[in-house]
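The values are calculated or read from the model by the stated rules, or taken from the named source; none is laboratory data. Here the structure is a predicted model, which means the values were calculated and not measured. Heads up, the Cβs are rebuilt from the backbone with ideal geometry, glycines too, and the neighbour counts pull from every protein chain shown.
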């Protein structure tokens, strides 16, 4: 087979190191029956690594197999933990970039929550693009100066120059990363603009073998090194790279003109990435063995187990491990997901109140950052199941 050219630098080639066959091609789609969920379209994940820029991507990704529409329900905005993070992040960006009475563009705005925060708290003017935007989820204030476009941001939108361009949790869904970032740069032309992107952080995924964070929609996985490289190649001037939200999210700030500032990225990170990629297959097998052993033991003891988190992490956890009757269902506090079914495995999605009747013996938390919040929700309902987190496997392996 002809080597795949890296979409992040257009110079290196992708060396395959991890494969998953027949995984659901969407994790956040609302599916109304178990039969529809079980029969949902599947695709392959073939992760490759570029030794030139450190990029990781799914070389088997086919954009035609994914769907982003009004039934794509991705928001974490019903979590108090996430709400606090979102408000704090918006306020920090407003202060840092002096976003007062400015033009703001958000690419991949989801249901619009973050753009509304930026515009409300900073009295800014905003435009948001996302095919999954739902107008019925947002009641504009009388003096609100925000416009939403329920569509993709493409080269046809390049007249949308702004003082501040924000793109959160979107670049990981776009297969041609360099082309997309370059398109975003072209749209700004000669305008002085500040840029802020946020995506999942791949260093943690590789070093911890966080297999629940590997799923079809995420065709790209960035480290500080590879993210900095694509912004440089696209014509931006990166000024800072950091992490947020329990080190799960990677951020980059950049400008359209050179300020002389440079992000602090260790010179040896590319060599580290090569080492972590080489170690990933063995660690992956260890993680699977840990979870299969634990879940088999729970099931054999007759203990009723649920996962908490029905989004992408939950879908990946269930499908990677091939779980069926070992799990009684998935729990989600997002009311718009409750009553639907998990792609690939067909597990039903419960609201937290339904657990009172279900009385689970064990709960596996798909995102450890919500563990305390979930424990409080369970206690409030008089439930005291054993609570595990998806990173327990790595912690146990590190102690052994």
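Observations, loosely collected:
- Near pairs, Cβ below 6 angstrom, 6+ apart or cross-chain, from region 271-288 (not assigned by TED's automatic domain parsing to the domain that holds residue 214) to any residue that is surrounded by fewer than 17 Cβ atoms within 10 Å (Cβ to Cβ): 276/207; 286/397
- Flag for residue 299 being more than 19 Å from residue 212 (Cα to Cα), assigned by TED's automatic domain parsing to the domain that holds residue 384 and assigned to a helix (DSSP H, G or I): yes
- Criterion violated by residue 59 - all others in (1) surrounded by 16 or more Cβ atoms within 10 Å (Cβ to Cβ); (2) farther than 15 Å from residue 218 by Cβ satisfied: (2)
- Filter result for residue 322 (free of Cβ contacts under 8 Å to residues at least 60 places away in the same chain and either in contact with a strand residue (DSSP E or B) (Cβ under 7 Å, 6 or more places away or on another chain) or closer than 30 Å to residue 225 by Cβ (or both)): no
- Output for region 78-113, where each listed residue is out of contact with any helix residue (DSSP H, G or I) (no Cβ under 6 Å at 6 or more places or on another chain) and buried (at least 22 other Cβ atoms within 10 Å of the Cβ): 93, 105, 107, 108, 110, 112
- Any hit, region 129-140, residues being within 21 Å of the chain's Cα centre (by Cα), in a strand (DSSP E or B) and buried (at least 16 other Cβ atoms within 10 Å of the Cβ): yes
- Candidates 160, 177: the one that is under 22 Å from residue 189 (Cβ atoms), surrounded by 20 or more Cβ atoms within 10 Å (Cβ to Cβ) and in contact with a strand residue (DSSP E or B) (Cβ under 9 Å, 6 or more places away or on another chain) is 177.
- Of the strands (runs of 3 or more DSSP E) entirely within region 146-219, those holding at least 2 residues that are over 15 Å from residue 128 (Cα atoms), within 19 Å of the chain's Cα centre (by Cα) and not assigned by TED's automatic domain parsing to the domain that holds residue 311 occupy 194-200.
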